[in-house]
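Engineer: What follows is a single structure, and I will ask about it in a moment.
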Amino acid sequence: MTTASAAAAEVARYTQDACIMCGDDDDEKDVLCDGCDAVCHLACLATRLGSAACEAAEHALKSDTDWCCKLCSDAGVTEAGAGIAARDAWRADARRAASTTAGAATASTAATSTAANANANPIAAAAAAAGG
């Protein structure tokens, strides 16, 4: 994959309707964060954060109760919509970084890899740090 196409794929990952864990925008079963409107596949929750996280999200879906993503939970978001500004800023930063990477297609692979790692999904990073 070329640097430009990799950057384009990274930009697509941060669209409004894409899963915050894997970046796919598909029709798999997913849950919507009440704090920031982020979308997450239930399968991604189970894979990256464990079955308890997935079960809590499934319970919220079935009982029509609030569910917040890990980013909102860690930030103490308790009101619906309170995490939207932070999520939008994070997405804008990710798009900007990916676009910069596309513009620097002649940069070395190491520099591109460093830029991609610096803008990693904070939820996926938290899951990896937790051993998920």
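The values are calculated or read from the model by the stated rules, or taken from the named source; none is laboratory data. On a predicted model such as this, the values are computed, not experimentally measured, just so you know. Glycine also receives a Cβ, built like all others from the backbone with ideal geometry; neighbour counts cover every protein chain displayed. Ligands, DNA and RNA are stripped out before the accessible areas are found, and what is left, the full protein with its side chains, is counted by its heavy atoms. Shrake-Rupley method; radii C 1.70, N 1.55, O 1.52, S 1.80 Å.
Engineer: Count charges around Gly83 for me, please; just the other residues with Cβ under 14 Å from its Cβ, Lys/Arg as +1, Asp/Glu as -1. Numbers along the way, then the final one.
Structural biologist: Values: positive: Lys70, Arg87, Arg91; negative: Asp34, Asp37, Asp66, Asp74, Glu79, Asp88.
Local charge sum for Gly83: -3.
Engineer: Taking all protein chains in place and a 1.4 Å probe, what share, in percent, of the accessible surface of the range 42-95 do carbon and sulfur account for? Don't skip to the end; give the middle numbers.
Structural biologist: Values: 1630 of 3060 Å².
Carbon and sulfur: 53 percent of the exposed surface of the range 42-95.
Engineer: Continuing with the same structure: Among the trypsin sites (Lys or Arg not before Pro) in the range 20-91, which ones are in a DSSP loop with at most 11 other Cβ atoms within 10 Å of the Cβ? Mind listing them? Could the numbers behind the result be given before it?
Structural biologist: Numbers: sites: Lys29, Arg48, Lys62, Lys70, Arg87, Arg91; in loops: Lys29.
Of the trypsin sites (Lys or Arg not before Pro), the ones in loops of the range 20-91 whose Cβ has at most 11 other Cβ atoms within 10 Å are Lys29.
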